[in-house]
Amino acid sequence: MRGMCSSGDAGEKVLVRFGPGVAGGNDFQWCFSQVKGAIDEDVAEADIISTVEFNYSGELLATGDKGGRVVIFQHEQESKNRPHLRGEYNVYSTFQSHEPEFDYLKSLEIEEKINKIRWLPQQNAAHFLLSTNDKTIKLWKISERDKRAEGYNLKDEDGRLRDPFRITSLRVPVLMPMDLMVEASPRRIFANAHTYHINSISVNSDHETYLSADDLRINLWHMEITDRNIVDIKPANMEELTEVITAAECHPHQCNVFVYSSSKGTIRLCDMRAAALCDRHSKFFEEPEDPSSRSFFSEIISSISDVKFSHSGRYMMTRDYLSVKVWDLNMENRPVETYQVHEYLRSKLCSLYENDCIFDKFECCWNGSDSAIMTGSYNNFFRMFDRNTRRDITLEASRESSKPRATLKPRKVSTGGKRKKDEISVDSLDFNKKILHTAWHPKDNVIAVAATNNLYIFQDKIN
């Protein structure tokens, strides 16, 4: 992410055919728009992207990396020369959000890696976002300045203080135009509330409070005041611990409702009106396990890595290691939709366990109308599922396939037997290339896909 440049932006458009439904019922094509980041073979650990998030309007796109930096891209207006494009995202602001720290009490290093970024709805000219590492959450204000004050009475133009006894007349300071400057300043630091690593933050629909979750606790914070603990699953004896919290999110419309997922593959919905400490859930979502498919890896692959409410608030989506499930909030006993992301890896779980890939935490996201969902896979593949037509597609985020006007064909993985010409063998997949973080524009068919240190942006092209 350091020195993020837009390489290959000029004229490189890749068209991808996808079925109807995602674009509101029209047949459309995905086209390559941009790729950000260096092309170096040796990628520095600090440059690996760890989170991607559009703001509420989609005008800004923020990424965080393992080096503690936040890079914000701004959407530029459409070019008259290329009207078929919606405009590109260019670097708007870059700042260091978190620094490495050391907990001397516990002799523990605290990484600077940005775990999550969440935007607050825009209330005025400035933008606000929350960013967190393992222990500390920060509220950042991103504002523009294009004027400066001149003509002070008590100091010269170079900033030196003047002798008050030599001031014989008063001047009225005036605002003079200057080059646009984007400033990022920390407005609040929310610290010392989590014993374990923070895995989620979620802004509430009241826009005044937000949740933060670690392995065993969920805290509710007020932007102006402080926090209070609302979920605590830590047992009196840690040897009795059977599950941990993996993700949490606020309901998009009801500020008293939130959900959290667990490593056992269950989701609990809680209502903050019921009690100050939400240890008793209102709803419990769990799919019965098929005894015939139980194996040594069952519990590991059933652990939920991400949970997201739909924009409508009627559904929620969960991602486990092999699948994405859509749940109706009115039906707790099973999901209404299940989509297999990479079922061909089920036979490879032993080797994935040995190389620790089985513990990778994939995220998922909805499109603006809740009609399609997207999530990542290995080999820089990412998957899209159309909920209306039940079609699915596998695409690849790759510089090699981003040739001018070249068609990016849907990728297919061969699971055995005779491999077709366009298919890739499951044994040839690169498990070091993984897409964990994706984001979908809240209104348009524009997606952002993080592949190691590169950020790919794709958009649709209506026929």
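The values are calculated or read from the model by the stated rules, or taken from the named source; none is laboratory data. Remember, predicted model here, so these are calculated numbers, not experimental data. All Cβ positions, even for glycine, are placed from backbone atoms using ideal geometry, and neighbour counts span all protein chains on display. These area figures cover heavy atoms from the full protein model, side chains too; ligands, DNA and RNA do not enter into them. Shrake-Rupley method; radii C 1.70, N 1.55, O 1.52, S 1.80 Å.
Remarks
- Inverse of mean 1/r across different Cα pairs in segment 30-460, Kirkwood, Å: 23.7 Å
- A Förster radius of 60 Å, combined with the Cβ-Cβ distance separating residue 294 from residue 166, puts the computed FRET efficiency at roughly 0.10.
- Think of segment 84-183 as having a plus end and a minus end, set by charges on the Cβ of Lys, Arg, Asp and Glu; of 151, 89, 133, 151 sits farthest toward the positive end of this dipole.
- Accessible surface of the chain [probe 1.4 Å, protein heavy atoms]: carbon and sulfur percent: 48 percent
- Here the calculated FRET efficiency for residue 346 and residue 391, from their Cβ-Cβ distance with R0 = 22 Å, stands at 0.50, rounded to the nearest 0.05.
- Note on residue 409 and residue 240: the extension gain reaches 55.8 nm, defined as 0.36 nm multiplied by sequence separation minus the Cα-Cα distance.
- Heavy-atom accessible area with a 1.4 Å probe sorts 342, 253, 197, 222, largest first, into 253, 197, 222, 342.
- Heavy-atom accessible area with a 1.4 Å probe sorts 374, 178, largest first, into 178, 374.
- Segment 212-326 - Kirkwood radius from inverse mean 1/r over Cα pairs (Å): 15.1 Å
- Taking every protein chain into account, the accessible area of segment 97-146 amounts to 51 square angstrom per residue (probe 1.4 Å).
- Estimated inter-spin distance, residue 126 and residue 225, nm [label 7 Å along Cα→Cβ]: 2.2 nm
- Ordered by solvent-accessible area of protein heavy atoms (1.4 Å probe), largest first, the residues 211, 180, 241 come out as 180, 241, 211.
- With both labels modelled 7 Å from their Cα along Cα-to-Cβ, the residue 44 to residue 185 distance reads 2.9 nm.
- Candidate lysines for bridging to residue 420, where Cα separation is under 24 Å - those fewer than 8 sequence places away on the same chain excluded: 348, 403, 409, 412, 433, 434
- Close Lys pairs in segment 93-178, defined as Cα atoms under 15 Å apart and 8 or more places apart or on different chains, number 5.
- Translational diffusion of segment 307-396, µm² s⁻¹ [Kirkwood Rh, Cα pairs; Stokes-Einstein; 4 °C; 1.567 mPa s]: 94 µm²/s
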